Amino acid sequence: MRYLPLTQPERHAMLAAIGAATIDDLFADVPAEARLEGPIAGLPMHASEIAVERHFSGLARKNMAASDHPFFLGAGAYKHHIPASVDHLIQRGEFLTAYTPYQPEIAQGTLQMLFEFQTQVARLFGCDVANASMYDGSTACWEAISMAGRITKRNKAILSSGLHPHYVSVARTMARFTGDILQTGIPQLAATTDSAQILAAIDGETSCVVIQYPDILGRIEDLSVIAAKAHEHGALLIAVVTEPVALGAIKSPGEMGADIVVGEGQSLGVGLQFGGPYVGLFACKEKYLRQMPGRLCGQTVDAEGKRGFVLTLSTREQHIRREKATSNICTNSGLCALAFSIHLTLLGEKGLRDLAMLNHGMAVQAAERLAQIPGVGLINDSFFNEFTIELNKNAREIIHQLAARGVLGGVSLGRLYPGEAALENGLLIAVTEVVTAQDIEALAVNLQELMA
Amino acid sequence: MSGLNQSGWKPAMGAAEMADAPTYTGNRALMLEEALIFEIGDGATSGIDLAPAPKVTGRLGGLGRSHKIGLPGLSEPETVRHYTRLSRQNYAIDLGLFPLGSCTMKHNPRLNEKVARMAGFADVHPLQPKETVQGALAVINDLAHWLIALTGMHGVAMTPKAGAHGELCGILCIKAALAARGEHRSVILVPESAHGTNPATAAFAGFAVENIPATSEGRVDLTALKARLGPDVAGVMITNPNTCGLFERDMKHISDAVHAAGGYVYCDGANFNAIVGKVRPGDLGIDAMHINLHKTFSTPHGGGGPGSGPVVLSAALSPFGPLPYTARTADGVVHLIEEADAEAFEREHFGAPLQSFGRMTAFHGQMGMFTRALAYIMSHGADGLKQVAEDAVLNANYVLRSLEDVLDAPFAHSGPCMHEALFSDDGLAEGFSTLDIAKGLIDEGYHPMTVYFPLVVHGAMLIEPTETESKAALDQFIGAMRAVAARAKAGDPALKSAPHFAPRRRLDETLAARKPVLVWKEPDRVEANP
Ligand SMILES: Cc1ncc(COP(=O)(O)O)c(C=O)c1O
């Protein structure tokens with residue numbers, strides 16, 4: 001077995017050194033009735049690298065890979081081009097096969113990277129501080145709601161209807177068990193969001209308002225009015241960013257008064273990966289630092305006065321505080337944070353801005369082209385790289401028909417909001433830098449034929 | 001050849017003086033200092049060439065960015081060098097034995113990396129139509145199948161993102177099952193030796209947490225546990241093998257007692273590596289157990305994550321597990337059961353209404369870890385997995401018996417250990433602690449063992465060598481441990497200031513926590529705000 005270095009004579013020698021006759025002596029504490037006699041049912045014996053690779057190649061071929069087709073899916077996971085050097089660097093064994101940096105003297109690589117990542121995220125979101133990552137955007141969103149509850153000592157959260165429905169579901173799952181009260185809604189196929197209703201709903205019992213920016217339908221709205229109203233009532237504004245590339249083009253939520261900004265970092269460096277692993281981004285105002293979940297890396301000095309980095313403020317965390325911790329999170333998404341950070345370093349300020357404007361430009365062109373198709377209506381006034389169109393037919397069915405023609409045509413609102421008749425014809429279209437003019441034309445032509 | 005200097009130093013140079021001599025760069029040969037990206041990059045530089053943006057009328061809703069973000073850029077060669085230099089300041093499994101107890105730092109096979117990166121898995125979107133992702137769904141479904149088979153359980157929830165998220169999943173299942181019975185129970189019992197995530201999870205889900213006492217042998221005190229069970233106890237969270245490296249011999253009795261009192265049994269399966277292929281938790285009466293794919297099933301830790309924490313479930317808890325999940329029907333099609341289809345699917349196939357507690361995360365879990373874990377299972381097969389557990393336990397016992405004469409092993413008298421060996425700081429010289437041994441090991445070229453965990457042993461040192469170490473590697477590590485232990489017992493002052501040879505000396509953690517600097521600021525701003 002290629003991964004097991006012990007030889008049979010060595011095993012015998014070691015057993016002898018231990019004073020055990022057989023390996024089963026070492027399992028003496030396992031009661032006889034709990035021991036599995038014989039092999040695991042149905043599991044074949046060990047397999048060669050060739051055999052395993054062949055098996056997976058076969059399965060991989062059964063999937064339509066995004067890069068091989070005109071591709072327009074988004075809704076919280078975006079296809080961006082990842083520079084080759086990102087994947088090369090994250091596969092360095094010293095990053096890939098290290099543990100959480102609990103021994104800082106021999107983990108400065110990971111720690112310095114995390115310090116850089118935290119700074120990048122804080123700046124991108126317009127916040128004072130950021131943590132060393134969460135599992136993904138959806139779990140970061142619940143953690144933010146839960147944190148707002150601890151800060152305000154209130155348990156009523158208002159979730160915008162523009163918040164990703166999966167994020168709403170995650171919050172709803174948790175709230176069911178914690179007793180938090182969530183006010184949520186279903187978005188309308190309209191250019192304007194539900195901010196008027198949200199403003200009206202904020203009161204002295206509200207712990208937080210959660211707004212996605214840009215929202216699930218791609219709409220972009222100014223958060224400052226809601227921030228002001230929330231603050232007036234002692235509530236927090238939580239902004240959720242599922243497409244961080246947008247912040248190269250539009251104002252950061254922090255600039256508009258958000259107290260906590262969370263997001264999904266998958267767009268930078270991580271890739272689609274069928275939904276995971278992704279990387280949750282979490283930033284906030286400094287005054288709320290001690291209520292933050294997750295690991296934090298901080299700067300310090302060593303015994304010779306040299307700058308170095310350590311994990312810090314761990315009195316918030318489960319390994320110290322146990323049931324009083326701010327969260328139960330332990331393993332986070334460190335390697336994805338590294339990929340995010342490397343990609344953002346390669347881009348830099350100018351690159352991120354250019355990338356964002358390229359995304360926006362392509363998306364505007366696509367929106368204009370699709371809006372020319374009879375029976376297609378563009379819902380958005382404002383958007384970044386993703387917008388919503390309304391078809392004259394059930395969009396979920398159209399998506400399957402497009403796929404049969406080799407076009408991965410977007411995310412139907414029917415998939416995201418099952419049973420909502422008013423949204424059945426809605427289709428989300430994401431357009432990033434990997435989309436070509438020919439791809440847009442392929443989508444438009446096929447859509448037109450299918451809708452005729 | 002006669003002039004070759006085997007020591008590497010010319011005696012006339014004064015090796016001792018040279019060792020301390022400063023260099024112009026601050027570097028020392030292959031030990032390279034590296035500045036922060038904020039100190040070496042700038043906002044105008046980019047390592048990525050992009051096509052120009054098409055000229056369009058912008059539709060950003062009047063919210064176009066006007067302020068600078070402050071993100072430095074580097075060219076590609078500078079980027080590669082920056083991160084390569086940083087990487088060299090890390091210890092890693094690829095460099096040597098990584099005996100971090102409870103963390104199962106085993107070799108990460110590179111085949112798994114290759115498989116996970118195949119475009120058919122890495123470059124598919126979670127919301128693609130199901131007919132376009134049949135291979136990816138098959139991977140999830142196949143892995144689910146083998147996890148169930150390996151644990152002898154009824155079902156499995158694949159979406160949890162790590163061990164702690166899996167704990168949450170299991171505890172939510174328990175809460176939902178109780179609610180379905182119309183019961184409200186408010187307490188979860190957790191042994192003091194448990195990992196911090198256990199009590200944190202129970203509290204996160206709204207339970208009160210109470211301790212279960214341990215016996216002097218390091219196991220759950222069954223009598224005390226039985227005495228505490230009652231109508232307010234929702235369940236127990238027990239780690240097996242436990243964090244002292246011992247198998248909970250009474251596990252089945254514990255389960256029976258908890259069930260008899262109307263509660264459920266959560267098992268922390270972080271230590272499954274010790275028993276994979278040898279013991280099926282389903283035979284021990286367990287209701288829910290997470291499996292850290294980033295431990296037993298070799299997916300890389302990545303400097304802190306990502307992980308994956310599928311939760312195997314008993315028949316009693318399976319109906320409450322999260323959405324979405326996969327299911328293969330007789331026609332060979334793998335379905336992804338989401339909110340839209342769940343009610344109809346469960347009525348048709350299970351003849352019962354939907355009871356899932358809902359979604360735990362946006363999409364379908366850690367696909368990138370599933371491919372790796374499945375490749376690992378297939379590579380080892382039934383024979384290899386059993387050998388994994390046996391070698392892991394053999395290696396740990398070899399370490400235990402090779403060190404128990406120099407370090408206090410509080411539970412060694414009660415029999416063999418499982419996959420990890422536990423020692424305490426008893427018997428070290430006055431003023432010397434577990435931390436000093438850990439830092440001394442760094443100078444010997446090792447990552448230290450887990451320190452100060454579990455909490456039930458003073459100055460705990462938990463050593464988990466894993467099965468992917470050769471005997472020669474173990475012998476060298478044992479030699480190093482013995483040498484460092486001898487120094488700690490003799491009170492060698494140089495050990496107190498170890499490490500001496502790492503990229504950094506001991507770091508001031510108190511300073512870091514007292515004056516937190518969590519983001520980089522331009523130097524003048526730091527001076528303006530002391
Ligand atoms: C015993 C035990 N339980 C639970 C966990 C938590 O798992 P994770 O870090 O994957 O969330 C760990 C790992 O750190 C552990 O060692």
Determine whether region B:228-235 contains at least one residue that is surrounded by 24 or more Cβ atoms within 10 Å (Cβ to Cβ) and touching a helix residue (DSSP H, G or I) at 6+ places or on another chain (Cβ under 7 Å). yes
Return only the number of the condition from (1) of a type outside the set (A, V, I, L, M, F, W, C); (2) within 16 Å of the ligand (Cβ to nearest atom); (3) crowded, with 21+ Cβ neighbours inside 10 Å that B:Glu192 does not satisfy. (3)
Being surrounded by 24 or more Cβ atoms within 10 Å (Cβ to Cβ) and out of contact with any Leu (no Cβ under 9 Å at 6 or more places or on another chain) is the filter here; which residues of region B:345-366 pass it? B:Thr361, B:Ala362, B:Gly365
Which residue, of B:Leu400, B:Leu455, is within 12 Å of another protein chain (Cβ to nearest Cβ) and either among the basic types (Lys, Arg) or in a helix (DSSP H, G or I) (or both)? B:Leu400
Does region A:234-245 contain at least one residue that is assigned to a helix (DSSP H, G or I), under 16 Å from the mean Cα position of the chain (by Cα) and closer than 30 Å to A:Tyr99 by Cβ? yes
Qualifying position, being more than 7 Å from chain B (Cβ to nearest Cβ), among the small types (Gly, Ala, Ser) and either exposed (fewer than 14 other Cβ atoms within 10 Å of the Cβ) or under 30 Å from A:Ser341 (Cβ atoms) (or both), among A:Ala21, A:Ala17, A:Ala28: A:Ala21
Verdict on B:Ser216 being farther than 23 Å from B:Cys173 by Cβ and away from the ligand (no atom under 15 Å from the Cβ): yes
B:Glu248 vs (1) assigned to a helix (DSSP H, G or I); (2) charged (D, E, K, R); (3) within 15 Å of the ligand (Cβ to nearest atom): all pass except (1)
Could you tell me how many of the residues in region B:158-187 are more than 18 Å from B:Val233 (Cα to Cα) and either more than 11 Å from chain A (Cβ to nearest Cβ) or within 11 Å of the ligand (Cβ to nearest atom) (or both)? 7
What pairs come out if I take residues in region B:502-525 that are within 7 Å of another protein chain (Cβ to nearest Cβ) and pair them with residues that are surrounded by fewer than 17 Cβ atoms within 10 Å (Cβ to Cβ) and of a type in the set (Lys, Arg) whose C-beta lies under 7 Å away, six or more apart or interchain? B:Arg504/A:Lys306
What residue, among those in region B:251-268 that are within 14 Å of the ligand (Cβ to nearest atom) and either of a type in the set (Asp, Glu) or within 19 Å of B:Phe453 (Cβ to Cβ) (or both), is surrounded by the fewest Cβ atoms within 10 Å (Cβ to Cβ)? B:Cys267
Taking B:Ala116 as meeting all but one of (1) in contact with a Pro (Cβ under 7 Å, 6 or more places away or on another chain); (2) within 18 Å of A:His88 (Cα to Cα); (3) not acidic (Asp, Glu), write down the number of the exception. (1)
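Quick one: is A:Arg369 more than 18 Å from B:Gly41 (Cβ to Cβ), at the interface with chain B (Cβ under 7 Å from one of its Cβ atoms) and either within 16 Å of the ligand (Cβ to nearest atom) or in a helix (DSSP H, G or I) (or both)?
No, not satisfied.
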Considering region A:265-305, residues that are crowded, with 24+ Cβ neighbours inside 10 Å and aromatic (Phe, Trp, Tyr), and then whichever is farthest from the other protein chains (Cβ to nearest Cβ), we arrive at A:Phe282
Quick one: in region B:269-290, of everything that is part of a loop (DSSP other than H, G, I, E, B), among the hydrophobic types (A, V, I, L, M, F, W, C) and more than 10 Å from the ligand (Cβ to nearest atom), which residue is nearest to the other protein chains (Cβ to nearest Cβ)? B:Ile275
Just give me the residues in region B:208-236 being at pLDDT 95 or above and over 19 Å from B:Ala257 (Cα atoms), in sequence order. B:Ala208
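Would you mind finding the one in A:Gly377, A:Gly334, A:Gly361 that is within 16 Å of the ligand (Cβ to nearest atom) and either within 7 Å of chain B (Cβ to nearest Cβ) or modelled with pLDDT of 95 or more (or both)?
Being within 16 Å of the ligand (Cβ to nearest atom) and either within 7 Å of chain B (Cβ to nearest Cβ) or modelled with pLDDT of 95 or more (or both) holds for just one of A:Gly377, A:Gly334, A:Gly361, which is A:Gly334.
Conditions tested, residue by residue: (1) within 14 Å of another protein chain (Cβ to nearest Cβ); (2) assigned to a loop (DSSP other than H, G, I, E, B).
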residue: B:His413; (1), (2): yes, no
residue: B:Cys417; (1), (2): yes, yes
residue: B:Tyr446; (1), (2): yes, yes
residue: B:Gly459; (1), (2): no, yes
residue: B:Thr466; (1), (2): yes, yes
residue: B:Asp475; (1), (2): yes, no
residue: B:Lys489; (1), (2): no, no
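Could you name every one of the helices (runs of 4 or more DSSP H) located completely within region A:40-143 that has at least 1 residues being in the same structural domain as A:Val279 (by TED's automatic domain parsing) and not aromatic (Phe, Trp, Tyr)?
Here the list reads A:84-90, A:93-96, A:108-125.
With respect to B:Lys295, determine if the residue is closer than 14 Å to B:Gly163 by Cα and either part of a helix (DSSP H, G or I) or among the charged types (D, E, K, R) (or both).
Against the criterion (closer than 14 Å to B:Gly163 by Cα and either part of a helix (DSSP H, G or I) or among the charged types (D, E, K, R) (or both)), B:Lys295 qualifies.
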Going through region B:282-340 in order, the residues found to be more than 21 Å from the chain's Cα centre (by Cα) and within 22 Å of B:Gly381 (Cβ to Cβ) are B:Gly282, B:Asp283, B:Arg328
Unique match (being modelled with pLDDT of 95 or more and away from the ligand (no atom under 16 Å from the Cβ)) among A:Val301, A:Val279: A:Val301
For the list (1) assigned by TED's automatic domain parsing to the domain that holds A:Glu264; (2) touching a residue at least 12 places away in the same chain (Cβ under 8 Å); (3) surrounded by 24 or more Cβ atoms within 10 Å (Cβ to Cβ), I need the number of the one condition that A:Asn328 fails. (2)
From the option list A:Arg415, A:Arg396, single residue qualifying as closer than 22 Å to A:Pro214 by Cβ and part of a helix (DSSP H, G or I) is A:Arg415
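Quick one: which residue in A:Glu424, A:Glu368, A:Glu386 is farther than 22 Å from A:Asp68 by Cα and touching a residue at least 12 places away in the same chain (Cβ under 8 Å)?
On the way: A:Glu368 fails: touching a residue at least 12 places away in the same chain (Cβ under 8 Å); A:Glu386 fails: farther than 22 Å from A:Asp68 by Cα.
That would be A:Glu424, the only listed residue that is farther than 22 Å from A:Asp68 by Cα and touching a residue at least 12 places away in the same chain (Cβ under 8 Å).
The values are calculated or read from the model by the stated rules, or taken from the named source; none is laboratory data. None of the values given here were measured: they were computed from a predicted structure. With ideal geometry, Cβ positions are generated from the backbone for all residues, glycine too; neighbour counts draw on all protein chains shown.
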